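Worksheet: one structure, shown below.
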Amino acid sequence: MMNWTTKILGALAVAAALSAPSAAQQQPDQGSKSDQIRKLGWQAGPAQGAIAGHAGIEVPKGYMFLGAADTAHFLTILENLPTRDSYTLAPANLHWFAIFDYSDTGYIKDDDKIDADAILQALKEGTESENAERKNRGFPTLDLEGWAAPPHYDEQTKRLEWATRIKAGSDVSINYKIRLLGRTGVMNATLVSDPQSLDDDVRAFKAALNGFSFNSGERYSEYRVGDKIAEYGLTGLIIGGAAAAAAKTGLFKIIGKFAVYIFAAGVAGFASIIPLVDRPTEVRLMEAIASSWYGFWAVAVVIVLLDSVTLIPPGEFAFTFDRQGRPRLRVPAAPFVVRQKDLMLAWLAYFARPFFISSIHSPDDHGESPLAELRTVAARCRAMCAYSYLPAALLVVIGPLASLYFGIGLALLGVLPVLYLNAVVALLAVFVTRGDFNLSTAQFASLAFELIVCPALAANLNKRLIDRTRLMPSTLRLIGHDEGLLRRVNANLEYLHVAPTVNRPGIG
């Protein structure tokens, strides 16, 4: 069997198009990976494989098929980012494999033109976003070298195909993509292969696809007037993987953009006092926001709330320490899910309080060192609470009241300097104690940039510091002998359609 790490590290498109990252964990050696893969619930052909309730594939003799739960384990074993509802087809010798997943996009019109150069640039930008997430998870980064086969659409079969060359270190892999259009969505099929055997593997993969078919009523030709129409066409299908990777960090890019708008709104507030001539449209827009007594404060609060968003992958849970240093685990049995992640607003759940993330995948060791180090960080973070309370009070209470009594112009003149002063003092305090938070120079510089651009984000100072803490203790250890909490953890995993892996209380 070939080197699986070499092959899977090239699966950028799988990792990008199939989101929901797994928890960081210890990586097994190559032999143990091979054993784990062989022990998965492979369905040997000839057989019929059901895919996402929308399609099926005839698994020929000499091939194997994996259901959704085993495919998630398969990708995790191979240091990739697993998914909730994906399926695997592979030959018995595992010389290559293909991942299937269904996207409920609606009916995709196939009449747009494909610009291969522009699409490649978009995919490369998605690679950069994906690499940031892979670094956080301790996975190797990837480099998109270019097309192995430029995009091509077959109007007869309703198949869109293309292939990219992915480099991980000195190893090169090919991801061959096929999108099969259906009536209510699209089936995504990604072949992961070696460059040396690409042609043979593509032929074998396409031959296997002859046994693929959408369920009755789901075929592209069965479109009916009134069906949902997708908001994009063929180009959107190709860059969808890059867009999925960018979405992991896109929220914060949006926040950064709005942070600039907050600053511009402050400038517009001053502009309402000092007349300007021939103001540009953008300034007039900011003036309109700032001229409203409460518009500025409402926008600022919304931005702070968005900045407090924490998306927690399945198998990970937030926890904090009480005053006695005991961990308190947050386990929502039925979380509000966004992109298969538990959505938590830290500004509401843990306002100005330090919280951390645990994982069921972290080793259930008996040492105290990870928790002891996090207790130290939590104690230091508590000393930073004042820098979060002040901007919150300014935005929610003092600013609106000042606008009510003195007007928005004078309110901004009074509040904005205090917001900036608070941000500067907070940065000085963090700089002096940066060793306690294990902040690198680059991390402190990024924090300083964020708070200077948008000083209101100091309201989430503790979250911003915790985001840069990479220690992740075992959830099993935090559960201890609390069987009720253990049941909630398993209920959480079942709600997210993840096979429960916590089967016993940890050591308290």
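Trypsin sites (Lys or Arg not before Pro), restricted to the stretch 321-422: which are DSSP loop and have at most 13 other Cβ atoms within 10 Å?
Numbers: sites: 323, 328, 330, 339, 341, 375, 380, 382; in loops: 323, 339.
Within the stretch 321-422, the qualifying trypsin sites (Lys or Arg not before Pro) (loop, at most 13 other Cβ atoms within 10 Å) are 323, 339.
For the stretch 358-491, what log10 I(q)/I(0) values come out of the Debye formula at q = 0.09, 0.16, 0.21 1/Å, with one point per alpha carbon and no solvent?
Cα-only, vacuum Debye calculation for the stretch 358-491: -0.40, -0.86, -1.13.
For the stretch 30-89, what relative contact order do you get, as a whole percent, if you take Cα pairs closer than 8 Å and at least 6 residues apart?
31
Find how much the distance from residue 112 to residue 136 grows on full extension, using 0.36 nm per residue of separation minus their present alpha carbon separation; answer in nm with one decimal.
On the way: separation 24, 0.36 × 24 = 8.64 nm, distance 3.69 nm.
Separation in residues times 0.36 nm, less the Cα-Cα distance, equals 4.9 nm.
Quick check: the distance between the Cα centres of the stretch 346-406 and the stretch 113-191, to the nearest angstrom?
Taking the Cα centre of the stretch 113-191 as reference, the centre of the stretch 346-406 is 39 Å away.
For residue 212, enumerate residues with amide H under 5 Å from its amide H, sequence gap 5+ or separate chain, H modeled in the peptide plane.
Correct list: 58.
Report the FRET efficiency, 1/(1 + (r/R0)^6), for residue 343 and residue 481, where r is their Cβ-Cβ distance and R0 is 30 Å, rounded to 0.05.
Working: r = 30 Å, r/R0 = 0.99.
Working from the Cβ atoms, E equals 0.50.
Cβ neighbours within 10 Å, averaged per peptide: list 451-460, 482-491 in order, most packed at the top.
Values: 451-460: 24.5, 482-491: 16.3.
My ranking of the peptides, most packed first, is 451-460, 482-491.
With θ taken as phi - 60° and the coefficients 6.51, -1.76 and 1.60, list the Karplus ³J(HN,Hα) couplings across the stretch 35-42 in order, rounded to whole Hz; mark glycine and proline as x.
Karplus-based 3J(HN,Hα) across the stretch 35-42 equals 5, 4, 5, 5, 7, 5, x, 5 Hz.
In the structure displayed, which of 33/177; 113/135; 33/341; 33/135; 33/61 lie more than 28 Å apart, Cα to Cα?
Numbers: 33/177 25 Å; 113/135 35 Å; 33/341 26 Å; 33/135 21 Å; 33/61 25 Å.
Violating the 28 Å Cα-Cα cut-off are 113/135.
Taking amide H positions as placed in the peptide plane 1.01 Å from N, state which residues far from residue 107 in sequence (5 or more) or on other chains have amide H under 5 Å from it.
228, 229, 230
Of the listed peptides 386-398, 306-318, what is their order by residue-averaged count of other C-beta atoms within 10 Å, with the highest listed first?
On the way: 386-398: 18.7, 306-318: 20.9.
Result, highest mean Cβ count within 10 Å first: 306-318, 386-398.
Calculate the spin-label point distance for residue 199 paired with residue 373, positioning each point 7 Å from the Cα along the beta-carbon direction, and give it in nanometres.
Those two pseudo-labels are separated by 5.2 nm.
Using a 1.4 angstrom probe, figure out how much accessible area the stretch 292-360 has per residue, in square angstrom, rounded to the nearest whole. Kindly include the intermediate steps, with their values, before the conclusion.
Values: 2680 Å² over 69 residues.
Solvent-accessible surface per residue comes out at 39 Å².
Can you give me the P(r) profile for the stretch 111-169? Cα pairs, bins 5 angstrom wide beginning at 0, each as a whole percent.
4, 16, 23, 19, 15, 11, 7, 4, 1
Using the Karplus equation 6.51 cos²θ - 1.76 cosθ + 1.60 (θ = phi - 60°), what ³J(HN,Hα) coupling, rounded to whole Hz, does each residue of the stretch 330-343 give in order, writing x for Gly and Pro?
Running phi through 6.51 cos²θ - 1.76 cosθ + 1.60 with θ = phi - 60° gives 9, 10, x, 5, 10, x, 7, 9, 10, 6, 6, 10, 6, 8 Hz.
Starting from the amide H of residue 219, placed 1.01 Å from N in the peptide plane, find each other amide H under 5 Å away whose residue is 5 or more places distant or on another chain.
Hits under the 5 Å cutoff: 183.
Nothing charged except the Cβ atoms of Lys and Arg (+1) and of Asp and Glu (-1): what's the magnitude of the dipole of the stretch 107-196 about its Cα centre? Round to the nearest 20 debye.
320
Convert each backbone phi in the stretch 232-237 into a coupling constant with the Karplus relation 6.51 cos²θ - 1.76 cosθ + 1.60 (shift: θ = phi - 60°), then list the ³J(HN,Hα) values in order as whole Hz, x for Gly and Pro.
Values per residue, Gly and Pro as x: 9, x, 5, 4, x, 5 Hz.
Looking at the stretch 360-425, what % of the alpha carbon pairs are farther apart than 17 Å? Don't skip to the answer; put the middle values down first.
Details: 1258 of 2145 pairs.
Roughly 59 percent, once rounded to a whole number.
Using packing as a proxy for protection, rank 161-168, 222-229, 419-426, 32-39 so that the peptide with the highest average count of other Cβ atoms within 10 Å comes first. Could you put the intermediate results ahead of the total?
Working: 161-168: 21.6, 222-229: 10.1, 419-426: 19.1, 32-39: 14.0.
By packing density, highest mean first, the sequence is 161-168, 419-426, 32-39, 222-229.
The values are calculated or read from the model by the stated rules, or taken from the named source; none is laboratory data. This one's a predicted model, so the numbers in the text were calculated from it and none came from an experiment. Don't worry about glycine lacking a Cβ; one is built from the backbone with ideal geometry, like all the others, and counts go over all protein chains shown. These accessible areas exclude ligands, DNA and RNA; they are computed on the full protein's heavy atoms, side chains included. Shrake-Rupley method; radii C 1.70, N 1.55, O 1.52, S 1.80 Å.
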